[in-house]
Amino acid sequence: MPFRASILTLYPEMFPGPLGVSLAGEGLRKELWSLDTHQIRDHGIGRHRNVDDNPAGGGAGMVLRCDVLAAAIDAAVRADDARPRLLMSPRGRPLQQRQVREWAEGPGLVIVCGRFEGVDERVIEGRNLLEVSIGDYILSGGEMAALTLLDACVRLIPGVMGKVASGEDESFENGLLEYPHYTRPREWEGRGLPEALLSGDHARIAKWRREQAEQITRERRPDLLSLLPSGEKVSAKQTDEGR
Ligand code: SAH
């Protein structure tokens, strides 16, 4: 059963959006994955199909109603649907490649996109929504966050990306940031290519790349080093072969 994404949103016209082009879009057309959207407003209250209301306790902004959102979820997703149900939320668990890979290998995702100040807490509990954040900043709605999360998942679905190998050597996959890339021309504005890459010696090239990855990770994201599996620990000292 291919990966299926069901999106609950007030702006279904935002989908598939950027996921309709390039490799993700081709994958969609080849039915390697699928996407369906569900308009939350279809379950709104009254003639005006209201979906939000003032925050209990006062304050600025509006809150998505729990009854409306629950009705939208119940209409879109069968009770026995095994897919994880996510709520895009800046308060959520930070999205990580490990989690992306796990979801990409599963049956798909149900993704609720918040708007306004957020959603009534009771529907998060009552419908078992897992809050996921794509970073420590505030977007105007969950749609771009959902598109980002889906892009990360979809590119891992077999057949979506051209080469199977790409995707396995990248930043985060091995717990390190990626080594620097180079291509033609061999010399550009006085800058040459690193010696090791011209050596034709695969072991030396692999060693150089690993060292570069370690050094860049140490410089930019030392927090990642502590997450490496033990036995793969990278020492704090500088590497012998510079960039
Ligand atoms: N008042 C909230 C922010 C609401 S932003 C707060 O301070 O936490 C409106 C909606 O955008 C959210 O409900 C969520 O669905 C989405 N959103 C905003 N930033 C996000 C982020 N970093 N990651 C995931 N979703 C986000």
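The values are calculated or read from the model by the stated rules, or taken from the named source; none is laboratory data. Since we're looking at a predicted model, the values are computed, not measured. Using ideal geometry, Cβ is built from the backbone for each residue, glycine included, and neighbour counts are taken over all protein chains shown. Ligands, DNA and RNA are excluded from the accessible area calculation, which covers all protein heavy atoms including side chains. Shrake-Rupley method; radii C 1.70, N 1.55, O 1.52, S 1.80 Å.
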Considering every residue within region 74-85, establish whether at least one is at pLDDT below 95 and either among the aliphatic types (A, V, I, L, M) or within 24 Å of ARG155 (Cβ to Cβ) (or both). yes
Which one of these is open to solvent by 70 Å² or more (accessible area, probe 1.4 Å) and under 27 Å from SER226 (Cα atoms): ARG78, ARG91? ARG91
Does at least one position in region 43-61 carry a residue that is open to solvent by less than 50 Å² (accessible area, probe 1.4 Å), under 25 Å from CYS153 (Cβ atoms) and touching a strand residue (DSSP E or B) at 6+ places or on another chain (Cβ under 9 Å)? no
Here is a list of conditions, (1) free of Cβ contacts under 8 Å to residues at least 60 places away in the same chain; (2) open to solvent by less than 90 Å² (accessible area, probe 1.4 Å); (3) in a loop (DSSP other than H, G, I, E, B), and ARG210 meets all of them except one; can you say which number that is? (3)
For region 118-136, state whether one or more residues are open to solvent by 50 Å² or more (accessible area, probe 1.4 Å) and under 17 Å from the mean Cα position of the chain (by Cα). yes
Screening LEU23, LEU19 for residues that are in contact with a helix residue (DSSP H, G or I) (Cβ under 7 Å, 6 or more places away or on another chain) and either assigned by TED's automatic domain parsing to the domain that holds ASP81 or over 15 Å from GLY108 (Cα atoms) (or both) leaves only LEU19
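Can you give me the ranges of the strands (runs of 3 or more DSSP E) entirely in region 6-115 with at least 2 residues that are charged (D, E, K, R)? If you could, list the steps in order and put the result at the bottom.
Values: elements: 33-39, 85-94, 108-112.
Per the criteria, 85-94.
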Residue count, region 122-144, condition aliphatic (A, V, I, L, M), more than 7 Å from the ligand (Cβ to nearest atom) and over 18 Å from ARG65 (Cβ atoms), comes to 2
Of all residues being touching a residue at least 40 places away in the same chain (Cβ under 8 Å) and of a type in the set (A, V, I, L, M, F, W, C) in region 124-138, which is nearest to ARG91 (Cα to Cα)? Just the residue, please. VAL132
Single unsatisfied condition, THR148 versus (1) among the β-branched types (Val, Ile, Thr); (2) assigned by TED's automatic domain parsing to the domain that holds ARG78; (3) open to solvent by less than 60 Å² (accessible area, probe 1.4 Å): (3)
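In region 174-185, what residues are at pLDDT 95 or above and either open to solvent by less than 100 Å² (accessible area, probe 1.4 Å) or over 35 Å from the mean Cα position of the chain (by Cα) (or both)?
Filtering region 174-185 down to residues at pLDDT 95 or above leaves 176-185.
Passing the criteria: LEU176, LEU177, GLU178, TYR179, PRO180, PRO185.
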